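The values are calculated or read from the model by the stated rules, or taken from the named source; none is laboratory data. All of these numbers come straight from a predicted model, not from anything done at the bench. Virtual Cβ from ideal backbone geometry, glycine too; neighbours counted across all protein chains shown.
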Amino acid sequence: MNGVHETFRREGLVRPADSRILGGVCAGLGRRFGIDPWPARLLFVLLLLVIPGSQILIYPILWILMPSETTPVTAPPASAA
């Protein structure tokens, strides 16, 4: 799964820490394609209305695959004294 997250991160597909409403998927897609979050949300909903039932699958899958913009802080390795 880390490989998928790294690929998405390199491509600029991350869920931003700000401007999230549910999971940040539409805000991340909007940022990637250079549009504001609200028009991106509207386009996402309109696109999903064209393909019935897809909203049940696409949004959660993107939520899982798109990494969050914030990365977890890991503790530095303990040094031998």
When residues of region 31-58 are limited to those that are surrounded by fewer than 16 Cβ atoms within 10 Å (Cβ to Cβ) and of a type in the set (Phe, Trp, Tyr), the one farthest from HIS5 (Cα to Cα): TRP38
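Out of all the residues in region 8-21, which are touching a helix residue (DSSP H, G or I) at 6+ places or on another chain (Cβ under 9 Å) and either under 13 Å from SER68 (Cβ atoms) or among the hydroxyl-bearing types (Ser, Thr, Tyr) (or both)? Give the steps one after another, and end with the answer.
Kept after step one, since they are touching a helix residue (DSSP H, G or I) at 6+ places or on another chain (Cβ under 9 Å), are these residues of region 8-21: 8, 11-16, 18-21.
Across region 8-21, the qualifying residues are PHE8, LEU13, VAL14, ARG15, PRO16, ASP18, SER19, ARG20.
Hey, can you tell me all the residues within region 24-81 that are assigned to a loop (DSSP other than H, G, I, E, B), small (Gly, Ala, Ser) and modelled with pLDDT of 85 or more? Talk me through it step by step, then tell me what you get.
Initial filter on region 24-81 (assigned to a loop (DSSP other than H, G, I, E, B)): 24, 34-36, 51-53, 66-67, 69-81.
Okay, now just the ones that are also small (Gly, Ala, Ser), so 24, 34, 53, 75, 78-81.
Those that are assigned to a loop (DSSP other than H, G, I, E, B), small (Gly, Ala, Ser) and modelled with pLDDT of 85 or more: GLY24, GLY34.
Among the residues of region 1-23, is any of a type in the set (Gly, Ala, Ser), at negative phi and outside any loop (DSSP other than H, G, I, E, B)?
So in region 1-23, the residues of a type in the set (Gly, Ala, Ser) come out as 3, 12, 17, 19, 23.
Remaining after also requiring at negative phi: 3, 17, 23.
Now narrow it down to the ones that are outside any loop (DSSP other than H, G, I, E, B): 3.
Yes; the residues of region 1-23 include at least one that is of a type in the set (Gly, Ala, Ser), at negative phi and outside any loop (DSSP other than H, G, I, E, B).
Would a scan of region 22-30 turn up a residue that is over 12 Å from the mean Cα position of the chain (by Cα) and surrounded by fewer than 18 Cβ atoms within 10 Å (Cβ to Cβ)? If you could, list the steps in order and put the result at the bottom.
Restricting attention to region 22-30, the residues satisfying the condition of being over 12 Å from the mean Cα position of the chain (by Cα) are none.
Scanning region 22-30, I find no residue that is over 12 Å from the mean Cα position of the chain (by Cα) and surrounded by fewer than 18 Cβ atoms within 10 Å (Cβ to Cβ), so the answer is no.
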